[in-house]
Amino acid sequence: MTNHTAAAHTGPGNDPVAARAFAAVQEFAQTFQGDIPFGAAGEMIARVEKAHALIETLTLATLSPLAAMESSGELLHSGGQKNVETYLTHARGIGGTHAKPLGVLARGLHEGGLPLTSAALEEGAVSVGEAAAIAVCVKEQTNKRDTAQWPQEAGYRARIETGLVGLKRERPRTSVATLKWTAHRLGAGLCPGRAEKDEQAAFEARGARLSRGFEGDFHFTAWGPASDAERFQAALDSFTAPVGSEADGGVVRAKSTRTYDALLAAAGFAHGHHGCAKAPGPKAYLNITVPLATFQGQSGSDAAVTGDGHTLALSQVRALAAESIMRRLVFDPGTGRTLDLGRGHRLAPKGLREAAFAGHTRCAWDGGCDVPASWCEADHIVEFSAGGTTSLDNLQPLCRTHNRLKYRHSIKADHRAAAQQKAPKAATGAEAPTATAVPTATAKAPAGSTGPPGEGDPPTDTGPPPANAPPSG
């Protein structure tokens, strides 16, 4: 490994505290030099996490003072920059994409506008990056609120922050991407008219552009509302060939390549059916979860969401329902009724797969993963080979990478357990230590919960993934 410890921008100078810290950092950095011995990756990852924790501590400690100097004007007078974002960008070399959230977090902490986030930071429940994402989400959702319904900014901001920090505390592995999805859904729930306004604005701004290059090649770009995105995505999915399909001669092609082929196939099919008064089959399959109260127009109900967590305007859901074959999936919280195929079947049929994925929008890997649920495979939380049933409570979405990784972990755990059972007992007669089982999953969240739980991994796919499921990673 290359030694980069001498590449620091500045030394400690004449500050004795900085000098001691700098020496400690140099000593710690030396532990990352040299090759990583076989089998020591876990130890190295643990050390990397400790290094990031130290960096986070220092970063957090500097944010409030920077915001205070911004407020007083001293940051411009002494630092040459008018706000925290420009200071971090020009003085510290942090890109604008990362500097902006840190600036929003710095002002929120300094002004006392993020009390729950501040407490979570002190307790280590959220990282600086996660706290910055929460700060940005709170600010964006507060600015987009319906001021007629929520005239007081503080009350609305507190509700969004409570939801996001609460989600992180309940599910520590929740990713930044999931926090953003959740913030959007919280905003849609607090302002029921938001989805309709967003839909209308996006529809008015819709468009598509086909740009030709000098050599005849082209770029195609399209933009529009969420409801049309679902239609477009479903149509492409229905024409997208599986990975390594016979149509491609068994060649594994990139997702973008297969999407391009699907777009041309769909266009060719549509071009050949201009005169058809009725489509020869279903146009596309869309999975949209709509609480009954929402569909009936009752206020205060949860928004309609797609399988991947996108919020849809109720007017568009009703418009789709008018020309759709509706499949009803009912969860009864009173009886806890579930679908269960017991031990008779290993592969999950389509209906059971969809029921098991309800309430998930992303891969349920315990370490966090942002692969959409529609790209995932159906995994037995308790392995089928270990007695797990093909039932609603024992299935979860896992991307291809984490599906295989979970299986490898379970196999290794079985091998260790078998080896230790065969190992001779100690001379004292004490029992040989038993292997510690690798945790594979926890109970899946109840249907209808917001945000995906983060539990689990599978050995092999328990049901055929969608035709467009790409290799994750």
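So the values come out like this:
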item: Label zone at Phe232 (point 7 Å along Cα-to-Cβ), backbone N below 19 Å, the stretch 187-214; result: 196-212
item: Cut-off under 5 Å, modelled amide H: who pairs with Ile94 long-range; result: Thr89
item: Two-site label geometry, Leu264 and Ala201: point separation in nm, points 7 Å out along Cα→Cβ; result: 3.8 nm
item: Theoretical gain in end-to-end length, Ser245 to Thr97 [0.36 nm per residue, Cα-Cα removed]; result: 49.4 nm
item: Rough spin-label spacing in nm, given labels placed 7 Å along Cα→Cβ, for Val48 and Ala386; result: 2.6 nm
item: For Val371, residues with placed amide H under 5 Å, excluding near neighbours; result: Cys363
item: HN-Hα J in Hz across the stretch 49-62 - Karplus 6.51, -1.76, 1.60, θ = phi - 60°, x for Gly and Pro; result: 5, 5, 5, 5, 5, 5, 4, 4, 4, 5, 4, 4, 5, 8
item: Amide H contacts of Gly359 (H built 1.01 Å from N, under 5 Å, at least 5 apart or other chain); result: Gly448
item: Relative contact order of the stretch 5-197, defined on C-alpha pairs under 8 angstrom at six or more residues apart (%); result: 14 percent
item: Cross-link pairs Lys144/Lys197; Lys50/Lys180; Lys100/Lys139; Lys180/Lys350 - those with Cα-Cα distance over 19 Å; result: Lys50/Lys180; Lys180/Lys350
item: Residue-by-residue Karplus 3J(HN,Hα) for the stretch 15-24, coefficients 6.51, -1.76, 1.60, Hz, glycine and proline x; result: 7, x, 5, 5, 5, 5, 5, 5, 5, 5
item: Where a label projected 7 Å from the Cα of Glu122 along Cα→Cβ would reach, residues of the stretch 160-181 with amide N under 20 Å; result: 161-170
item: Whole-Hz ³J(HN,Hα) from phi, Karplus 6.51 cos²θ - 1.76 cosθ + 1.60, for the stretch 230-242, glycine and proline x; result: 5, 4, 5, 5, 5, 5, 5, 4, 5, 9, 7, 6, x
item: Kirkwood-Stokes translational diffusion coefficient of the stretch 80-238, alpha-carbon pairs, 25 °C, 0.890 mPa s, µm²/s; result: 135 µm²/s
item: Estimated distance in nm for a label pair at Ala293 and Arg173, the labels positioned 7 Å out from Cα along Cα-to-Cβ; result: 3.1 nm
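Bear in mind that the values in this text are calculations on the coordinates, not laboratory data. Small disclaimer: the values here were computed from a predicted structure and weren't measured. All Cβ positions, glycine included, derive from the backbone under ideal geometry; neighbour counts span all protein chains shown.
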